[in-house]
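Student: The structure follows.
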Amino acid sequence: EAVIRFDRARKEYPDGTVAVHELDLEVREHELLVLVGASGCGKSTTLRMVNRLVEATSGRVLVEGRDVATVDPVALRRRIGYVIQDVGLFPHRTVGQNVATVPELLGWDRARTRTRVGDLLELVGLAPATYAGRYPHQLSGGERQRVGVARALAADPPVLLMDEPFGAVDPSGRRRLQQEFWRIQRELGTTVMFVTHDVDEAVRLGDRVAVFRRGGHLEQVSDAVTLLAR
Ligand code: ADP
Ligand code: ADP
């Protein structure tokens, strides 16, 4: 069953750049699909068409069976977590407050929010007693990315979009984050689209890997195991 479906989705920016060329692609429920390819081949644009940070020029993008062009963007984004490389944590909010952002917007009561924040910080390997009161500048790069993941998962979205989330983390920290994220994704069953230019990361994480090439063309979609065998 497809949770996300691109149906001849195309994006041409106003300056004439064709970032994504008539894309047909499905993301299945509970799967971790990785988009991989060199810089500039349309991965981020593809991702952003899902939460409508970018609108398709033609074709359609469906999330949970509904055309994103016809859904209220706020309602849409409540169902879609989003993690980017530099995470964009709110600098003047503590770790706990950052993770609590969406629950607070949704009007959860304090007790429920506190429980959820605690559980999520545990999930991403940051002991709440130590970390909830810290500010982003008091964290390492890897720790900030963990907070970003926790914040994106706070309201238990069925879909999570990740754009080079571990790109700025040093290699050993990155490896650990990959392993932990893989475990978290299995545990929660969240449907994930994950963008990276790192083939190694793609095959390590992905259930399937979609390979993009220049001009926004999808070259192939493979089971990660197949790619590894090359
Ligand atoms: P990737 O994520 O694979 O690096 P992007 O989706 O960011 O690729 O970009 C695809 C192409 O679209 C690139 O040629 C890029 O320069 C171009 N592009 C991205 N954003 C814009 C924009 N806002 N306006 C014009 N061109 C853009
Ligand atoms: P506020 O004044 O907004 O409550 P806090 O930084 O104390 O600011 O808390 C922000 C969020 O993090 C709240 O939802 C709070 O319940 C949660 N939180 C704070 N400390 C902890 C902790 N030790 N364990 C779990 N959740 C915590």
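Read the figures in this text as sums done on the coordinates, not as results from a lab. Here the structure is a predicted model, which means the values were calculated and not measured. Backbone-built Cβ (ideal geometry, glycine too); neighbour counts: all protein chains shown.
Student: Quickly work out the T17-to-R78 label distance, labels modelled 7 Å from Cα along the C-beta direction, and quote it in nm with one decimal.
Tutor: Between R78 and T17, the simple spin-label model gives 3.4 nm.
Student: Using θ = phi - 60° and the Karplus form 6.51 cos²θ - 1.76 cosθ + 1.60, what ³J(HN,Hα) does each residue of the stretch 208-225 get, whole Hz, x for Gly and Pro?
Tutor: Calculated HN-Hα couplings, in order: 9, 10, 9, 9, 9, 10, 3, x, x, 9, 7, 7, 6, 10, 10, 5, 4, 4 Hz.
Student: Further question on the same structure: From Cα coordinates alone, what are the radius of gyration and Dmax values for the stretch 62-193 in angstrom?
Tutor: Taking only Cα atoms of the stretch 62-193, I get Rg and Dmax of 14.5, 43 Å.
Student: Given a 10 angstrom Cα cut-off, can you work out which residue in L33, L126, L153 is the most mobile in a GNM of the chain?
Tutor: Of the options given, L126 has the highest mean-square fluctuation.
Student: Which order do the peptides 156-162, 44-50 come out in when sorted by mean C-beta neighbours inside 10 angstrom, highest first? Intermediate values should be presented prior to the final figure.
Tutor: On the way: 156-162: 20.6, 44-50: 22.7.
Final packing ranking: 44-50, 156-162.
Student: Then there's this: For the pair L188 and S172, how long in nm is the line joining their label points, each one 7 Å along Cα→Cβ?
Tutor: Distance between the two pseudo-spin positions: 2.8 nm.
Student: Given the Cα-Cα distance of A2 and Q179 and 0.36 nm per residue of separation, how much length would full extension add, in nm?
Tutor: Taking A2 through Q179 to full extension adds about 61.2 nm, to one decimal.
Student: Kindly provide the pair-distance distribution of the chain built from C-alpha pairs, with 5 Å bins from 0 and whole-percent values in order of increasing distance.
Tutor: In order of increasing distance, the bins hold 1, 7, 15, 18, 19, 16, 12, 7, 3, 1, 0 percent.
Student: Restricting to Cα pairs below 8 Å that are 6+ residues apart, what does the relative contact order work out to for the stretch 131-230? Please round to a whole percent.
Tutor: 21
Student: Let me ask you something else. If one takes the longest principal axis of the Cα atoms in the chain, at what angle in degrees, from 0 to 90 and to the nearest 10, does the Cα axis of helix 141-153 lie?
Tutor: 80
Student: Now for a different question. Return the inverse of the average 1/r over all pairs of distinct C-alpha atoms in the stretch 1-120, which is the Kirkwood hydrodynamic radius, in Å to one decimal.
Tutor: Final number for the Kirkwood radius of the stretch 1-120 is 16.3 Å.
Student: Could you tell me the calculated FRET efficiency between T130 and E29, based on Cβ-Cβ distance and R0 = 35 angstrom, to the nearest 0.05?
Tutor: Result of the calculation: an efficiency of 0.50.
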